[in-house]
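What follows is a short report on a single structure.
The values are calculated or read from the model by the stated rules, or taken from the named source; none is laboratory data. Keep in mind the model is a prediction, meaning the values are calculated, not measured. Cβ sites come from the backbone with ideal geometry, for glycine too, and all protein chains shown count toward neighbours.
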Amino acid sequence: MTRDSRYDVLFQPLDIGPVTAKNRFYQVPHCNGGGYRDPSSAAEMRGIKAEGGWGVVFTEQCEMHHSSEIAPYIELRLWDDGDIPMIAKMADKIRSHGALAGIQLAYSGINGPNLYTKEVPLAPSAMPIRTFTNDPVQARALDKQDIKDLRRWFVIAAKRSRTAGFNLICLYGAHGFGIFQHFLSTATNHRTDEYGGSLENRARFVREVVADVRDEVGDTMGLTLRLSLDEMVGDLGFANSEVRDFIEMHADLPDLWDLAHGAWEDCSGPSRFKEEAAQEDLVRGIKSLTTKPVVGVGRFTSPDVMARQLTSGTLDLIGCARPSIADPFLPKKVEEGRIEDIRECIGCNICITGDMTMSISRCTQNPSFMEEWRKGWHPERMNEKGGSSNVLILGSGPAGLEAALACAKRGYDVALAEAGDVLGGRVKRERALPGLSAWGRVADYREYQLSQKPNVETYFGSELTAEQVLEFGFENICIATGAAWRADGVSRQHVVPMPIDAAMPIFTPDDIMAGRLPTGAVTVYDDDHYYMGGVIAERLVEAGCAVTLVTPCAYVSDWTNNTLEQVTIHKRLVEMGVDIQLNRGVVAVGNGAITTNCTYTDQTREQAADAVVMVASRLPNDAVYEALKAREADWADAGINSVRLIGDANAPGPIAWATYAGHRFARELDGEDIGDALPFRREIAELAD
């Protein structure tokens, strides 16, 4: 297949100062939950992006000096020469596939609490530290000597970056996280000397660092400057109009302008609230203010939208973080005319939770993300088929679909048995909820890919029993039959069913998704704390219900703090008229009323309700598996080698957990029994003398 000529513009080389990007696909810096703790995992992940055709691949933010760090969050570090081998491995992996290797140098300033180093934070002005966790720490204002030192630290970091083999340096001044933004913004710069006041003065530090670094690296590296397009904090912030003034005043300052919207929550909003190319209005026209190239972001998943950004003169390069995670081979697939093979990002932001929870990142669409080194998983290549020949998969939800596709790629004959009449399982149902339509891509992508596989047969209306499974003669059985929401309130507040009067209509998310809706005044009891309670409340308001949302947490949809959407969820529900009751549980459901309690004092009160929707926990649909396990003695006679329970049928979780489970099943099918050994590689810090 050949590339569509409409996309030729995406493959034109472009100079970024003294270096040249081979195309316009630019993986902007993004975190991954690995950082200094898992450097080989991070390096291999970046190398896979380069192999997939990205012209530019950056690190995540790299803390360039020990006096400013953001523990407990796990990012890269470049504090001394001892850190060079760690980042050099990443640069080598990127450059080995022809991409430019970029490093983002970050000094966190007002965002750096220094909980690990115990150093006093430094910022343009003396202010409380601004972090996700409201750390009770304040920064000291940089004095003139501090500023000289900071300039010198950037030069030293640039020198180390060059030694490590990087081609590009990104100076971080976006998302509220970088010192350059802190100097530029009147929200964080209250100085009265030559570094404060007018825009020209507030820009002085940026000019000085760019000049210092350029003097050091000369024509060996390109310099990029990452700025927020608009801080979105009103008159005191670095607004879009002033960003434009700054760029016009300093048109040729960096070799490239890297522009990203507001705070991280603004820039990386989920698909539930942000469309593709959502930042286009903020960046349009900036290219005319400079002769240097401009890169912007916007969760670009469509090659047509990407091409339009270039042909319209809006951008010079297509900046991607989340789409490059969902499909590291997106550029190659466009280049090879395989648009239909792109795994499009669904904008769920589960990747961001790896950073926010200080763990290791996942991707709903790409289960191999961050497993490239740990498990040796390649996003486009499967391991060779094992000794058996076929597999029967029960259930076509995200776990079953991924298991079927990955097994088919390995060369197994796959039979996919679905009890209903469409593929997708929970994804099919959840995609119809408010704002979640993009999540349907999980099923759409896999359904299309399976349709192209001659070794896959799909059977609808096939709710199989254990007896039938034993009769079919398949060698491997994979049970991915999902889970069902409980109606008895069992979750975190209640470990046994709560008292419920049979006269009160009780609904679950499964009922709502099936179109069985309550009427009148409805209480949504959310003891799940992810997205479901919020979207169910939205759906009920759309249906005309008067909705009260009761949750034992201090936040609506508490875990969505990790997906950067909690504030937006709360705001939307308030605007829709939902009565939100935080820090309250439900202790009893009566006839026409419920009893709630304060989670701190346990004081109770009664309030009227016509119906209750329980968003609590889920019960695995594992009856077929248990029945098969009970007849394990019959497996050999039936020709069965293995029976596995995966996904929500094994342990309910987010969709990304299900696709990972399906992929892992396929990877490990017919594999060696490793016993108690770790199923992945890890790196252990070397003990110092």
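Below is a table of values for the structure above.
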{"item": "Filter result (touching a residue at least 40 places away in the same chain (Cβ under 8 Å), part of a loop (DSSP other than H, G, I, E, B) and closer than 20 Å to THR601 by Cα) within region 544-571", "result": "PRO552"}
{"item": "Residue in region 593-610 that is under 29 Å from GLY425 (Cβ atoms) and either crowded, with 22+ Cβ neighbours inside 10 Å or of a type in the set (Phe, Trp, Tyr) (or both) present", "result": "no"}
{"item": "Region 441-497, residues that are on the phi > 0 side of the Ramachandran plot and either within 26 Å of the chain's Cα centre (by Cα) or assigned by TED's automatic domain parsing to the domain that holds ILE346 (or both)", "result": "GLY482"}
{"item": "Some residue of region 431-453 being among the aromatic types (Phe, Trp, Tyr) and surrounded by 18 or more Cβ atoms within 10 Å (Cβ to Cβ)", "result": "yes"}
{"item": "Among residues of region 375-413, those that are over 24 Å from PRO652 (Cα atoms) and not polar (S, T, N, Q), counted", "result": "16"}
{"item": "Count - residues of region 79-107 that are surrounded by 24 or more Cβ atoms within 10 Å (Cβ to Cβ) and either more than 19 Å from ALA42 (Cβ to Cβ) or touching a Pro at 6+ places or on another chain (Cβ under 8 Å) (or both)", "result": "5"}
{"item": "Qualifying position, being exposed (fewer than 15 other Cβ atoms within 10 Å of the Cβ), over 23 Å from the mean Cα position of the chain (by Cα) and in the same structural domain as ALA403 (by TED's automatic domain parsing), among ALA649, ALA638, ALA688, ALA633", "result": "ALA633"}
{"item": "Matching residues, region 121-145, being in a loop (DSSP other than H, G, I, E, B) and touching a residue at least 60 places away in the same chain (Cβ under 8 Å)", "result": "PRO124, SER125, MET127, THR131, PHE132"}
{"item": "Selection count where residues are touching a helix residue (DSSP H, G or I) at 6+ places or on another chain (Cβ under 6 Å), surrounded by fewer than 20 Cβ atoms within 10 Å (Cβ to Cβ) and either in the same structural domain as ILE352 (by TED's automatic domain parsing) or within 21 Å of GLY489 (Cα to Cα) (or both), scope region 540-572", "result": "1"}
{"item": "Top-ranked residue of region 189-225 - restricted to ones that are aliphatic (A, V, I, L, M) and over 13 Å from LEU253 (Cα atoms), ranked as surrounded by the most Cβ atoms within 10 Å (Cβ to Cβ)", "result": "MET221"}
{"item": "GLY662 vs. criteria touching a residue at least 60 places away in the same chain (Cβ under 8 Å), part of a strand (DSSP E or B), surrounded by 19 or more Cβ atoms within 10 Å (Cβ to Cβ) and among the small types (Gly, Ala, Ser)", "result": "no"}
{"item": "Some residue of region 516-524 being more than 30 Å from ALA633 (Cα to Cα), crowded, with 17+ Cβ neighbours inside 10 Å and touching a Cys at 6+ places or on another chain (Cβ under 6 Å)", "result": "yes"}
{"item": "Within region 158-228, helices (runs of 4 or more DSSP H) holding 2 or more residues that are within 26 Å of ALA99 (Cα to Cα)", "result": "204-217"}
{"item": "Test result for GLY53, touching a residue at least 60 places away in the same chain (Cβ under 8 Å), surrounded by fewer than 24 Cβ atoms within 10 Å (Cβ to Cβ) and in a loop (DSSP other than H, G, I, E, B)", "result": "yes"}
{"item": "Index of the failed condition, CYS407 passing every other in (1) surrounded by 22 or more Cβ atoms within 10 Å (Cβ to Cβ); (2) in a loop (DSSP other than H, G, I, E, B); (3) in contact (Cβ under 8 Å) with a residue 40 or more places away in the chain", "result": "(2)"}
{"item": "Residue within region 446-464 that is among the small types (Gly, Ala, Ser), in contact (Cβ under 8 Å) with a residue 12 or more places away in the chain and over 30 Å from THR133 (Cα atoms) present", "result": "yes"}
{"item": "Some residue of region 528-539 being modelled with pLDDT of 95 or more, buried (at least 20 other Cβ atoms within 10 Å of the Cβ), closer than 30 Å to LEU401 by Cβ and among the basic types (Lys, Arg)", "result": "yes"}
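To keep it simple, each residue is scored yes or no on (1) within 15 Å of LEU14 (Cα to Cα); (2) within 22 Å of the chain's Cα centre (by Cα); (3) in contact (Cβ under 8 Å) with a residue 12 or more places away in the chain; (4) not assigned by TED's automatic domain parsing to the domain that holds ASP341.
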site	(1), (2), (3), (4)
GLY285	no, no, yes, no
LEU289	no, no, yes, no
LYS292	yes, no, yes, no
PHE300	no, yes, yes, no
ASP304	no, no, yes, no
LEU315	yes, no, yes, no
GLY319	yes, yes, yes, no
ARG322	no, yes, yes, no
ILE325	no, yes, yes, no
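Listed here are the residues, each with its yes/no results for (1) in contact with a Leu (Cβ under 8 Å, 6 or more places away or on another chain); (2) closer than 25 Å to CYS31 by Cβ.
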| position | (1), (2) |
| --- | --- |
| ARG272 | yes, yes |
| LEU282 | yes, yes |
| GLY285 | no, no |
| LEU289 | no, no |
| PRO293 | yes, yes |
| ARG299 | no, yes |
| ASP304 | no, no |
| LEU310 | yes, no |
